[in-house]
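The values are calculated or read from the model by the stated rules, or taken from the named source; none is laboratory data. Here the structure is a predicted model, which is why all the values come from computation and not from measurement. When we count neighbours, we look across all protein chains shown, and the Cβ atoms used for this are built from the backbone with ideal geometry, even at glycine.
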Amino acid sequence: MAPYSKSETPVGTIQEENVKGNNNQKVISESELTDTNTEKPGTRWGSGNKNAKQLSTLYSKEKRAQETIGLILCVILMVLDLYYLIINFDSSRTLHVFIAALLGICSADFASGVVHWAADTWGSVDIPVLGPGLLRPFREHHIDPTSICRHDFVETNGDNFSILVPFLGYSVYKFATYPPEAIAETYNFEMYIFLLASFVSMTNEFHKWSHTYFGLPKWIEFLQNMHIILPRKHHRQHHVSPHEVNYCITTGWLNPPLEAINFWRIAENCITRVTGSIPRSDDMKWSKVD
Ligand SMILES: [Zn+2]
Ligand SMILES: [Zn+2]
C-alpha cells in the first residue's frame, strides 16, 4: 500500500494493522505480509507515521510510575474483594447474583464506549494533563493501531486499574466493617461492582487482543469467537476512518443496539449545539500527513 499523499482523511479506509505473536516474538504486520512498508517516513498509518512517533514520546516516567502503583493497589484490592465475595456467597440467591454480574459486564462495556467516544471525539492533546495523559493514547491508536500491541501490560492497562482503586477500596472497606446483615443486603451490588471493575480493568487488554492476529492462546480466541470478549472482526469496523462506530471495546455487546438508535450521533449533535465544537476535529488533525 502506497502512503497517502492527500492531507485529508480518506473516509472508509481501514488502517494497516500490525499483528503479533507472544511478547517475546517479533511483531509481524499485515503490511509486511503484503509486502508493504509501515516504517516509511510520511506513511499514512503505522509506527512510521511522524505524528504517531511524536505522540508516543509523550509517555513519561511519571505516568509510568502512576500506572504501576495504581495497578498493584488495584490487584491487591481485587483479590481482597473476591475473597469477601466468596466467603459471603449465598447459593440461594444465585440467579440474583448472576443478573448483577451480567449487568456489571454490560455497564463496563457501556463505560468503555462512553470514554472511548468522548476521548476520540472531543478535546485536544494540547489540553494540560488530560491531553497527554488521557487523549494521547487514543490519537496514537488511530494513526498506529499496532502501537497497543507493542505496549506492555502496565502501559496498556495501568490507567484502567488506577481508576478502580477508590471503588474497590470502598467495597473492601464495607465487607471488612459492615455487620453480616448489612453485607447480605449489599451483596448483589458488590457483585455488580466487582464484575464491572474486573471488565473495566481488562478492557484495554481485550482491545489489545482484538488487534493481535498471531500467537493468541486458543482460549482467548475461543472467547473472541464466542463474542464473550471483543472479537477482532467486530472491532475492525471502528478502525475505518473517521472512526465513528463501535466505540464499546470491552465485549462489544452494546455496539449493535447503540448504533441502531444512532446513540453517538445524537449525543454529538447535542454537544455541538451547546458548545459549537466539531466532533473529531483534533483526531482529524493528528491523522493528517504532511
Ligand atoms: Zn477510537
Ligand atoms: Zn482498536
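Here Thr186 meets each of (1) within 16 Å of ligand 1 (Cβ to nearest atom); (2) over 17 Å from Asp109 (Cβ atoms); (3) of a type outside the set (Asp, Glu) with one exception, condition (1).
Can you spot a residue in region 90-97 that is within 16 Å of ligand 2 (Cβ to nearest atom), surrounded by 14 or more Cβ atoms within 10 Å (Cβ to Cβ) and β-branched (Val, Ile, Thr)? I'd like the intermediate steps shown before the answer.
At the first step, the residues of region 90-97 found to be within 16 Å of ligand 2 (Cβ to nearest atom) are none.
No, because not a single residue in region 90-97 is within 16 Å of ligand 2 (Cβ to nearest atom), surrounded by 14 or more Cβ atoms within 10 Å (Cβ to Cβ) and β-branched (Val, Ile, Thr).
Of all residues in region 217-238, those being within 16 Å of ligand 1 (Cβ to nearest atom) and crowded, with 20+ Cβ neighbours inside 10 Å number 3. Only one entry of Pro128, Pro145, Pro132 meets the criterion of being over 27 Å from Ile193 (Cα atoms), more than 15 Å from the chain's Cα centre (by Cα) and in contact (Cβ under 8 Å) with a residue 60 or more places away in the chain, and that entry is Pro132.
Yes or no: Phe153 out of contact with any Gly (no Cβ under 7 Å at 6 or more places or on another chain) and away from ligand 2 (no atom under 12 Å from the Cβ)? It is true that Phe153 is out of contact with any Gly (no Cβ under 7 Å at 6 or more places or on another chain) and away from ligand 2 (no atom under 12 Å from the Cβ). Screening Phe214 with (1) within 15 Å of ligand 1 (Cβ to nearest atom); (2) touching a Lys or Arg at 6+ places or on another chain (Cβ under 7 Å) gives one miss only, at (1).
Please verify whether region 207-216 includes one or more residues that are away from ligand 2 (no atom under 16 Å from the Cβ), touching a helix residue (DSSP H, G or I) at 6+ places or on another chain (Cβ under 6 Å) and either at pLDDT 95 or above or within 28 Å of Val154 (Cα to Cα) (or both). Checked against the condition, which is being away from ligand 2 (no atom under 16 Å from the Cβ), touching a helix residue (DSSP H, G or I) at 6+ places or on another chain (Cβ under 6 Å) and either at pLDDT 95 or above or within 28 Å of Val154 (Cα to Cα) (or both), region 207-216 yields no hits at all. Exactly one residue out of Ile193, Ile228, Ile261 is among the aliphatic types (A, V, I, L, M) and either without any contact (Cβ under 8 Å) to a residue 12 or more places away in the chain or farther than 24 Å from Gly158 by Cα (or both), and it is Ile261. Is one or more of the residues making up region 88-103 in a helix (DSSP H, G or I) and closer than 20 Å to Pro256 by Cβ? Checked against the condition, which is being in a helix (DSSP H, G or I) and closer than 20 Å to Pro256 by Cβ, region 88-103 yields at least one hit. Does region 160-216 hold any residues that are outside any helix (DSSP H, G or I) and either of a type outside the set (Val, Ile, Thr) or surrounded by fewer than 16 Cβ atoms within 10 Å (Cβ to Cβ) (or both), and which are they? Within region 160-216, Tyr178, Pro179, His211, Tyr213, Phe214, Gly215, Leu216 qualify. Selection of region 103-125 for residues being away from ligand 1 (no atom under 16 Å from the Cβ) and without any contact (Cβ under 8 Å) to a residue 60 or more places away in the chain yields an empty set. Of the residues making up region 116-155, those that are farther than 19 Å from Lys285 by Cβ and buried (at least 20 other Cβ atoms within 10 Å of the Cβ) are Thr146, Ile148, Cys149.
Working only within region 232-242, note down all residues that are within 12 Å of ligand 2 (Cβ to nearest atom) and of a type outside the set (A, V, I, L, M, F, W, C). Full working, then the answer.
So in region 232-242, the residues within 12 Å of ligand 2 (Cβ to nearest atom) come out as 232, 234-240.
Within region 232-242, Arg232, His234, His235, Arg236, Gln237, His238, His239 meet the criteria.
Taking the conditions (1) of a type in the set (A, V, I, L, M, F, W, C); (2) at pLDDT 95 or above; (3) assigned to a helix (DSSP H, G or I) in turn, Leu230 satisfies each one other than (3).
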